[in-house]
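Encoded as structure tokens, the structure appears first; notes follow it.
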Amino acid sequence: MTKIPIKNAAEIELMRGACRVTSQILDELNGFVRAGLSTEEINTFVHKRTLELGAKPATLNYRGYTKSVCTSINDVVCHGVPSPYVILKNGDIINIDVTSIKDGFHGDSSRMYFVGGREACSKAAVELVDVTHEAMHVGIREVAPGKRIGDIGAAIQDFIASTGKNYGIVREYTGHGLGREFHEPPQVIHVGRRGTAEVMKAGMTFTIEPMINAGTYKTELSKVDGWTVRTADGALSAQWEHTVLVTDNGYEILTQSLIQHTA
């Protein structure tokens, strides 16, 4: 089993700095996302603000990805590629996934946005987004030293089952450790059994980022761009993501909003 990096106090403080950049950009997007905007304009905004805040966009040129952010609309599960030809319209739901590198460390978070506001979106879309947000926090509340990574996925799976909805939890794409590297151990799967996988220890940092589909959990990878992941049945999908630190007695959300916000 690959060793999971444990961050010391100085490294954790640097991670907080990177995560603050990511959180600030996501906060600012609240007032920027609107109907008529292209996802390429979102990319330009995120790229510009990341540099202005003294950081670098982690996704740019990562494994051949050519953009500074991922923009995933409606049935796109994750890794949507910004384009000048993809235009937001009222009633869309969009996940915007931002990862910043500052002082050698990464901060990764994503949020859902209602284009035109909650009132412009369908009841089904709003409910999916809200349930997914709560699923993320259900998983986060499992984080504590001595517990196991598998406890996170088990809690999320139990919560989704308790809603009585025919929702699918995506399996192929998971949370992950991060720090000096964009992707480090452990892998955080959003389904599972309690008491399995690695033991959490203080100083570990990883993302919890459940992707919940309104239909099947199955997904399809675009053969056109090699990045965009959609639901296999065309149903809506939602995702929320935080970077979390295991502390001596629980957890700290490193990418918490810097303003009053439900994230």
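Rule-based calculations on the coordinates, nothing more; no lab input. Because the structure is a prediction, the values reported are computed rather than measured. Ideal geometry is used to build each Cβ from the backbone, glycine not excepted, and the neighbour counts take in all protein chains shown.
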| query | What's the center-to-center distance, using Cα atoms, between the range 126-142 and the range 105-122 in Å? | reply | 13 Å
| field | Chain lengthening between A232 and R193 when straightened (0.36 nm per residue, less Cα-Cα) | value | 11.5 nm
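For Cα pairs less than 8 Å apart in space and 6+ apart in sequence, what is the mean separation divided by the residue count of the range 9-253, i.e. the relative contact order in percent?
On the way: 612 pairs, mean separation 50.6, N = 245.
Reported as a whole number, the value is 21 percent.
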| query | So how many Lys-Lys pairs in the range 9-253 land under 30 Å Cα to Cα, not counting same-chain pairs under 8 apart? | reply | 26
| remark: About its Cα centre, the range 114-263 carries a charge dipole, from +1 on Lys and Arg Cβ atoms and -1 on Asp and Glu Cβ atoms, whose size in debye to the nearest 20 is 280 debye
| task | Using a 10 angstrom cutoff on alpha carbons, build the Gaussian network for the chain and name the most mobile of K123, K56, K48. | result | K123
| remark: Expected max-MSF residue from L60, L178, L26 in the GNM of the chain (alpha carbon, under 10 Å) is L60
| remark: Comparing C121, C19, C78 in a Gaussian network model of the chain (Cα, 10 Å), the one with the largest mean-square fluctuation is C121
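May I ask for the net charge around D248, where only other residues with Cβ less than 15 Å from the Cβ of D248 are counted and Lys, Arg are +1 while Asp, Glu are -1?
Numbers: positive: K7, K147, K201; negative: E252.
Once positives and negatives cancel, what remains is +2.
So how strong a dipole does the range 9-253 carry about its Cα centre when Lys and Arg Cβ are +1 and Asp and Glu Cβ are -1, to the nearest 20 debye?
Details: 25 positive and 30 negative charges, 42 e Å.
Using only the charged Cβ atoms, the result is roughly 200 debye.
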